[in-house]
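One structure below.
The values are calculated or read from the model by the stated rules, or taken from the named source; none is laboratory data. What you are looking at is a predicted structure, and each value in this text was computed from that prediction instead of being measured. Using ideal geometry, Cβ is built from the backbone for each residue, glycine included, and neighbour counts are taken over all protein chains shown. Accessible surface areas use protein heavy atoms only, side chains included; no ligands, DNA or RNA. Shrake-Rupley method; radii C 1.70, N 1.55, O 1.52, S 1.80 Å.
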Amino acid sequence: MSFSFFKPSRPKTPQEVVRAIKDSLNALDTKTVVDVKALEKASEEVEKNFVSLKYMLQGDGEVEPNMEQVSQLVIEICKEDVLTLMVHELLNLGWAARKDLVHCWSILLKHKVESTHCCVEYIENHLELLDFLVVSYDSKDIALNCGQMLRECIKFPTLAKYILDSACFELFFKFVELPNFDVASDAFSTFKDLLSKHDTIVAEYLTAHYSEFFDLYDKLLTSPNYVTRRQSVKLLSEFLFEPPNSSIMKRFILEVHYLKVMMTLLKDSSKTIQIYAFHIFKVFVANPNKPQEVKMILARNHEKLVELLIDLSVGKGSEDEQFEEEKEMIIKEIVRLSRVPNLLNG
């Protein structure tokens, strides 16, 4: 009598795992599913297959992943267009499958076959996937998943550059103010990564799109939403002063409009916003090449500005000492300008 049916099943090869994932994702297509039971079965298969994929990519805690198998898996996933299916079927996946997909996405993008990030290269040849992930912030059910996947993509310069240069980038100025707080916060995290992960690429983008970018950013700095104002002025105070952005910063501090925006933010009810605004405002004042109109505005508003600055403090400690020194220097310069003939009445 044969007891062969008690033998453990043979582990699947990378090719078999990828084929199973592809078939189960295709089966989710609502145009081909004929009834609810068939859809439920397809969803179960997808979930099961993503678990297999996850274990093959990262091991199971006791057994380390076989890196040769992982490389074969990555090659096969690209060859069979599984990354495209993963993105386009996201909305049809259950919660657990989405979670596993996002986890696997991160590992897949990072993995090198010899010296090549195959999955990154695949996305470079299918850039519409990035567009899809960006616009999916409008889909509440998958917005957070897509945000995580986008931030993994943004770690790679070519993919970050594509998003910055694409028409989709402007959508972030809308997404960061969506009424759903979690989605808006996630969108801002992605927006921040786009403007801070790759200094040279960001500097090139800002140089080429200065007016369009700051016209849109201005709306964030003056938003009625406190969180948007705070996050925006903080982010601006960070990326504007990165060395590659020095020419952008020099251009920015010549503009009277943005001086007025910072002066308004210095009066904000939030002390945190006031502090971030001060770090940008001080550069307008300290600039040795201030335009005449900037000097005139500082001179005419010197009493209110000095009063605001005297009341502004960051608290105790060494940081406070440096802040107070900077503040004193800025106050002196504003007072000096107020005494220059013709500036008050020019």
Flag if A160 is aliphatic (A, V, I, L, M), closer than 23 Å to L90 by Cβ and without any contact (Cβ under 8 Å) to a residue 24 or more places away in the chain = no
Could you list, in sequence order, all residues of the range 283-296 that are within 25 Å of Q322 (Cα to Cα) and open to solvent by 40 Å² or more (accessible area, probe 1.4 Å)?
-> A286, P288, N289, K295
Hits in the range 249-267 (condition: open to solvent by 20 Å² or more (accessible area, probe 1.4 Å) and not in a helix (DSSP H, G or I)) | L254, E255, K267
Which is in a helix (DSSP H, G or I), open to solvent by less than 10 Å² (accessible area, probe 1.4 Å), β-branched (V, I, T) and within 25 Å of E128 (Cβ to Cβ), of V18, V70?
-> V18
Hey, does the range 323-330 have a residue that's open to solvent by less than 50 Å² (accessible area, probe 1.4 Å), in a loop (DSSP other than H, G, I, E, B) and either free of Cβ contacts under 8 Å to residues at least 12 places away in the same chain or within 19 Å of L236 (Cα to Cα) (or both)?
-> no
Of the listed residues (S246, S211), the one being at pLDDT 95 or above, polar (S, T, N, Q) and either surrounded by 15 or more Cβ atoms within 10 Å (Cβ to Cβ) or part of a helix (DSSP H, G or I) (or both) is S211
Kindly indicate whether any position in the range 181-191 is under 17 Å from V82 (Cα atoms) and either of a type in the set (V, I, T) or assigned to a helix (DSSP H, G or I) (or both).
-> no
Filter the range 148-178 down to residues that are among the polar types (S, T, N, Q) and surrounded by fewer than 18 Cβ atoms within 10 Å (Cβ to Cβ), then give me how many there are.
-> 2
Could we say that K234 is of a type in the set (D, E, K, R) and more than 15 Å from A286 (Cα to Cα) here?
-> yes
Scan of the range 214-233 for residues that are buried (at least 16 other Cβ atoms within 10 Å of the Cβ) and in a loop (DSSP other than H, G, I, E, B), ordered by number = S223
Which listed residue is at pLDDT 95 or above, assigned to a helix (DSSP H, G or I), in contact with a helix residue (DSSP H, G or I) (Cβ under 7 Å, 6 or more places away or on another chain) and under 25 Å from N145 (Cβ atoms), from L195, L178, L236 = L195
